[in-house]
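I have placed the structure first, in the form of structure tokens, so that the comments after it can refer back to it.
The values are calculated or read from the model by the stated rules, or taken from the named source; none is laboratory data. For clarity, every value in this text was computed on a predicted model and none was experimentally measured. FYI the Cβ positions are ideal-geometry reconstructions off the backbone, even for glycines, and counts take in every protein chain you see.
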Amino acid sequence: MKHTGLSVFLQQQIEDQSLIRVLEALARSCVRISTSLRQGALADVLGALESENVQGETQKKLDVLSNDVLLHELAACGAVAAMASEEMEDPVLAAGKAPYLVVFDPLDGSSNIDVNVSVGTIFSVLLAPKANELTDPGIWLQPGRTQVAAGYAIYGPSTQLILSVGQGVHQFSLDPLTSQFVLTQERMHVPEATAEFAINMSNQRFWERPVQQYVTELLQGKEGPRAKNYNMRWVASMVADVHRILTRGGVFLYPLDERILSQGGKLRLMYEANPMGWLVEQAGGRVSTGHGCILDLRPEKLHQRVPVMLGAAEEVRYLEALHKAQA
């Protein structure tokens, strides 16, 4: 494969130069974040702060650093009207007449930083309304189906950028010698069937009945109703778990459980479920709450949470059937 640079690839795929500037700003942000992660303790960027984010979670130093990097790069590109982050209660205005909005999780899985496990940055690009409407909270509440672009960076043994602009999912790898992303895999694909699942088994006693039944059947292996053995993988970093699915297949679940009924789920619709769901669907997989496609939900608030089931279409359809049968 010819290792095309990200900028050249974007020029070949996209006519809108403003969108290209947004995606290049996101890529620059990911390069900077990757550098900080690799410096780690040497740059005194590990560990937690005394502050909490809007979700009530203790912030890591790199949560704040990553958030600041994204805000700076996106504001400077001149093509982003406003930005919203999982780390901030309210959006931030940038270039008021610009055509795009960006929502992001600056450092997904940050609880894994201090133990050197893969983490990532997730982003979603939406169309902005007219400038005089930017103070309206409703401008952000767009279904995932309307995303213009979505992607994530994974910071692991190598740094990779996974991106879709609605024409398949493509993987770019960071060349450490040039600090540039180059295309290393076109049109990633999620197989229809799988024998691998990812879920936090420690929460099993709290799950809804359809998910309880589903996992019980998987654990029964060849002797059970699914008639095959399954392996379980769980990193506790959504970026890492979804990246494995896009790379070799599988299904990922973070279902509703009785402890989080009032908040609607664990994962954030705008910052995690929509961009990751769009990528999985673009790669031939399926994404659902258990009751329907996440991408068709009309958000009710910026920091809304939802149950998430995504990956191999055969497994997600089976989960939806179990939910329907037990409704």
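Structure summary
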item	result
Residue within region 254-269 that is over 20 Å from Val211 (Cβ atoms) and either at pLDDT 95 or above or not in a loop (DSSP other than H, G, I, E, B) (or both) present	no
Residues satisfying the stated conditions in region 288-304, i.e. within 15 Å of Thr146 (Cα to Cα) and among the aliphatic types (A, V, I, L, M)	Ile294, Leu295, Leu297
Residues within region 203-232 that are closer than 18 Å to Met309 by Cβ and either in a helix (DSSP H, G or I) or outside the structural domain of Leu256 (by TED's automatic domain parsing) (or both), tallied	14
Which numbered condition Leu302 misses (of (1) outside any loop (DSSP other than H, G, I, E, B); (2) buried (at least 19 other Cβ atoms within 10 Å of the Cβ))	(1)
Any strands (runs of 3 or more DSSP E) falling wholly within region 98-184 and containing at least 2 residues that are of a type in the set (S, T, N, Q)	119-127, 159-164, 170-175
Selection count, region 1-21, where residues are of a type in the set (Lys, Arg) and over 24 Å from the mean Cα position of the chain (by Cα)	1
Val8 of a type in the set (Val, Ile, Thr), surrounded by fewer than 16 Cβ atoms within 10 Å (Cβ to Cβ) and at pLDDT 95 or above	yes
Region 127-153 residues that are within 20 Å of Asp90 (Cβ to Cβ), paired with ones that are among the charged types (D, E, K, R) and modelled with pLDDT under 95 (beta carbon under 7 Å, 6 or more apart)	Ala131/Lys97; Ile139/Glu133
So Gly292, is it touching a Lys or Arg at 6+ places or on another chain (Cβ under 9 Å), at positive phi, not in a strand (DSSP E or B) and not assigned by TED's automatic domain parsing to the domain that holds Leu126	no
Scan of region 110-127 for residues that are modelled with pLDDT of 95 or more and surrounded by 18 or more Cβ atoms within 10 Å (Cβ to Cβ), ordered by number	Gly120, Thr121, Ile122, Phe123, Ser124, Val125, Leu126
Search result, residues across region 91-109 that are touching a Leu at 6+ places or on another chain (Cβ under 8 Å) and buried (at least 24 other Cβ atoms within 10 Å of the Cβ)	Tyr100, Leu101, Val102, Val103, Phe104, Pro106, Leu107
From the options Gly285, Gly311, Gly277, Gly290, residue that is more than 21 Å from Arg244 (Cβ to Cβ) and either crowded, with 18+ Cβ neighbours inside 10 Å or within 14 Å of the chain's Cα centre (by Cα) (or both)	Gly290
